[in-house]
1. Taking the stretch 81-120, which residues are in a strand (DSSP E or B) and either free of Cβ contacts under 8 Å to residues at least 40 places away in the same chain or in contact with a His (Cβ under 9 Å, 6 or more places away or on another chain) (or both)?
2. Do you know which residues across the stretch 95-110 are surrounded by fewer than 19 Cβ atoms within 10 Å (Cβ to Cβ) and closer than 19 Å to residue 78 by Cβ?
3. Might you check whether a residue that is on the phi < 0 side of the Ramachandran plot, in a strand (DSSP E or B) and without any contact (Cβ under 8 Å) to a residue 40 or more places away in the chain occurs anywhere in the stretch 140-154?
4. Does residue 114 count as closer than 24 Å to residue 27 by Cα and under 15 Å from the mean Cα position of the chain (by Cα)?
5. Name the residues in the stretch 155-169 that are of a type in the set (Ser, Thr, Tyr) and in a helix (DSSP H, G or I), would you?
6. Can you list the strands (runs of 3 or more DSSP E) found entirely within the stretch 1-75 that contain at least 1 residues being of a type in the set (Ser, Thr, Tyr) and crowded, with 21+ Cβ neighbours inside 10 Å?
7. Which one is nearest to residue 122 (Cα to Cα), of the residues in the stretch 161-181 that are surrounded by 19 or more Cβ atoms within 10 Å (Cβ to Cβ) and modelled with pLDDT under 95?
8. Which ones in the stretch 121-132 are surrounded by 19 or more Cβ atoms within 10 Å (Cβ to Cβ) and either modelled with pLDDT of 95 or more or not in a helix (DSSP H, G or I) (or both)?
Amino acid sequence: MGLYGGSFNPAHEGHAHVAETARRRLRLDRVIWLVSPQNPLKSARETQSLAQRMAGARALATGPGMIVSDAETRLGSAYTIDTVRALKRRFPGVKFVWIMGADSLASFHRWRGWTQIMGEVPVAVVSRPWISLKSRFSPAALRFARSRRTSRGALTLADADPPAWTFLFGRFNFQSSTALRARQAAQAPR
């Protein structure tokens, strides 16, 4: 089962592309979009309400096996490491895979407990434009270089003992939340 966490501020086709690419390439039965209550690395002022972000994610997570959840809010979790551990405790028989875009891998070393996350669940990284090359040389990618599986080995990623991760190459989707927020700000009445 895939866990795809993020602010989704706002959700866009690039998010759907990452979720669907991971679902298909890893042959996951489900991908749960975990809409974070508030990303600790981002400004609360610039973050839409949880209800808006949930609605945006639901509008895009329409493919087979896609589920949108506010589990982090219900668990009272502000950090991915706490969410992953809580879900593993609640569902001990489920094989989880953490899913992220390459843009998240580039800054993964800034996440609280990032090395512990890699030790808790396998991780799938989906290529994103402009950042894919840089992310493959990020502190997290370098630190866990020996744990990286080829994309052919991705099919068995869910069964792998962590740390294990893969980088899934594919077509790029150029939408980004940062660009959408900038466009919305430019169009806002002053």
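The values are calculated or read from the model by the stated rules, or taken from the named source; none is laboratory data. The model shown is predicted, which means the values in this text are computed figures rather than measured ones. Note that we place each Cβ from the backbone using ideal geometry, even for glycine, and neighbour counts take in every protein chain shown.
1. Going residue by residue through the stretch 81-120, those that are in a strand (DSSP E or B) are 97-101.
Correct list: 101 only.
2. 107, 109, 110, listed by residue number.
3. Narrowing the stretch 140-154 to residues on the phi < 0 side of the Ramachandran plot: 140-154.
Subsequent filtering for residues that are in a strand (DSSP E or B) retains 148-149.
Now narrow it down to the ones that are without any contact (Cβ under 8 Å) to a residue 40 or more places away in the chain: 148-149.
Yes, the conditions are met somewhere in the stretch 140-154.
4. On the way: closer than 24 Å to residue 27 by Cα: no; under 15 Å from the mean Cα position of the chain (by Cα): yes.
The answer is no for residue 114.
5. Narrowing the stretch 155-169 to residues of a type in the set (Ser, Thr, Tyr): 156, 166.
Listed by number, the list holds a single entry, 156.
6. On the way: elements: 2-6, 31-35, 66-69.
The qualifying strands (runs of 3 or more DSSP E) are 2-6.
7. 167
8. Of the stretch 121-132, the ones surrounded by 19 or more Cβ atoms within 10 Å (Cβ to Cβ) are 121-128, 132.
Selection gives 121, 122, 123, 124, 125, 126, 127, 128.
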